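**Q** Attaching a single structure in structure tokens format; questions to follow.
The values are calculated or read from the model by the stated rules, or taken from the named source; none is laboratory data. These numbers come from a predicted model, not from an experiment. Counting neighbours? That spans all protein chains shown, and the Cβs are built from the backbone with ideal geometry, glycine included.
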Amino acid sequence: MRVLVHQVLLRTARMRLAPTACRMSTIAAGQVVPSPGSPPPPTLQHPPGHDLEHDAERQQRARRILQQAVAATAPRNDWARDEISAIFYQPLMELAFQAAIVHRRFHNPAEVQLCTLMNIKTGGCTEDCSYCAQSTRYQKGTGLEAKRVESVESVLEAARIAKENGSTRFCMGAAWRDMRGRKNSLRNIKEMVSGVRAMGMEVCVTLGMINEEQAKELKEAGLTAYNHNVDTSREFYPSIISTRTYDERLKTLGHVRDAGISVCSGGILGLGETSEDRIGLLHTVATLPSHPESFPVNALIPIKGTPLGDRKPIEFTSMLRTIATARIIMPATIIRIAAGRKTMPEEQQALCFMAGANAVFTGEKMLTTECHGWDEDAAMFGRWGLEPMKSFQKSPVLAEGFTSQA
Ligand code: SF4
């Protein structure tokens, strides 16, 4: 009986929603969200025992928020957390489908950016990020040996190989807390940045916290992007890292942005966070003064010897849901499938590309973990009709005249 009443209420809700859906039907250049005669949209899932009338209203509101977000022609950064939540909890297939529509409006859906990430300074980091093999605090358990900073020559050689194999962005990571007292290292890194840039590649670095001056120097050296992940929600963050605060991370992002460098900032899934924390992470980045140019979505690779070494892998559906929501709320951002891709079957990766992911790390290694190789990715791209994104040529957004290729 309860099920029957529920169905009647939902049918009524859909009928009330129908005129709005029709008005919203044509959103851009031949792209259609639910059109007259289409099957009704799937409904949000909810636990039993809810007030059914209230649930129907909630679903209508969520549907309205999704439709407005999907119809957008420009990014917005005034998202309320409950708006993101309304999008995030849509039925997954519907969410992925709507994200694909947005993706096609703001990007060429066939293009995927190929980046290679090199560790230019391995291990010996004083921070306590619970997931990281490079922290000195877990060195006994992980057995990872700290190394000196790589030479400029060896880094440029690695960049050359990456370019020859098709990568268009070269990222360099150093395992340390910040750049204080590292004048020599900064000088060498600037040389690496200029050298890679001279090869016609985009250059990104991840060096921990930096101040305004260091950001300006890196910009002058030709840096394209600076990676500094916020990792997770503000609320869950202290359970993962205690040696620097969420606000310190945001401050570094501010210095990067103010210097005119593109911000790359994302998160890690599978740390033990809840869906609400994933929404919190999305809310943080989607409400920055401007959206990150790049949003990496990492799946935790549990490393023995670290506090999170025994964590179960994140479910793929959580990964897909986060990527699809990110695509809808940050339509112009490049969304990167980062750590953990090695364990994803090709079909899962394809679903992520369909739902808005458009960048990967490729090459021999990704910091301390295994990575898909160039040949493997080239073969996959061939099978799915994907192609590498060219350097500095992300597809322009609709507002600048892009017409969908869908
Ligand atoms: S700051 Fe970076 S290198 Fe250092 S422990 Fe955290 S994640 Fe690892």
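**Q** Restricting region 172-191 to residues that are of a type in the set (A, V, I, L, M, F, W, C) and in a helix (DSSP H, G or I), which is nearest to the ligand (Cβ to nearest atom)?
**A** Ile189
**Q** While we're looking at this one, here's another question. So which pairs qualify, if the first residue must be in region 166-185 and more than 22 Å from Glu145 (Cα to Cα), the second must be modelled with pLDDT under 90 and more than 14 Å from the ligand (Cβ to nearest atom), the Cβ gap must be under 6 Å, and the two must be at least 6 apart or on different chains?
**A** Final answer for the pair search is Gly166/Trp374; Thr168/Ser391.
**Q** Also, quick follow-up: Might you let me know whether region 164-171 holds any residue that is in contact with a strand residue (DSSP E or B) (Cβ under 8 Å, 6 or more places away or on another chain), outside any helix (DSSP H, G or I), modelled with pLDDT of 90 or more and within 16 Å of the ligand (Cβ to nearest atom)?
**A** yes
**Q** Could you give me the residue pairs with C-beta distances under 9 Å whose first residue belongs to region 109-136 and is farther than 30 Å from Leu386 by Cα and modelled with pLDDT under 90, whose second residue is within 13 Å of the ligand (Cβ to nearest atom) and of a type in the set (S, T, N, Q) wherever it lies, and which are 6+ apart or on separate chains?
**A** Gly124/Gln134; Gly124/Ser135; Gly124/Thr136; Gly124/Gln139
**Q** If we scan region 187-203, do we find a residue that is more than 14 Å from Ala221 (Cα to Cα) and charged (D, E, K, R)?
**A** no
**Q** Starting from region 358-383, take each residue that is at pLDDT 90 or above and list its partners that are assigned to a helix (DSSP H, G or I), counting only C-beta distances under 6 angstrom and pairs at least six apart or across chains.
**A** Met380/Glu346
**Q** Taking Arg137 as the residue in question, decide whether it is within 16 Å of the ligand (Cβ to nearest atom) and basic (Lys, Arg).
**A** yes
**Q** Please verify whether region 65-87 includes one or more residues that are away from the ligand (no atom under 16 Å from the Cβ), closer than 30 Å to Asp375 by Cβ and buried (at least 20 other Cβ atoms within 10 Å of the Cβ). Walk me through how you get there before you give the answer.
**A** Step one: list which residues in region 65-87 are away from the ligand (no atom under 16 Å from the Cβ), which gives 65-87.
After this cut, where a residue has to be closer than 30 Å to Asp375 by Cβ as well, the list is none.
The answer is no; no qualifying residue exists.
**Q** Taking into account only those residues within region 114-130 that are surrounded by 19 or more Cβ atoms within 10 Å (Cβ to Cβ) and within 7 Å of the ligand (Cβ to nearest atom), which is nearest to the chain's Cα centre (by Cα)?
**A** Checking each candidate, the answer is Cys129.
**Q** Of (1) part of a loop (DSSP other than H, G, I, E, B); (2) farther than 19 Å from Cys125 by Cβ; (3) touching an Asp or Glu at 6+ places or on another chain (Cβ under 7 Å), Ile241 satisfies all except one. Which?
**A** Checking Ile241 against (1) part of a loop (DSSP other than H, G, I, E, B); (2) farther than 19 Å from Cys125 by Cβ; (3) touching an Asp or Glu at 6+ places or on another chain (Cβ under 7 Å), the one that fails is (2).
**Q** Could you tell me which of the residues Gly272, Gly309, Gly356 is touching a helix residue (DSSP H, G or I) at 6+ places or on another chain (Cβ under 6 Å) and part of a loop (DSSP other than H, G, I, E, B)?
**A** After ruling out the rest, the residue left standing is Gly356.
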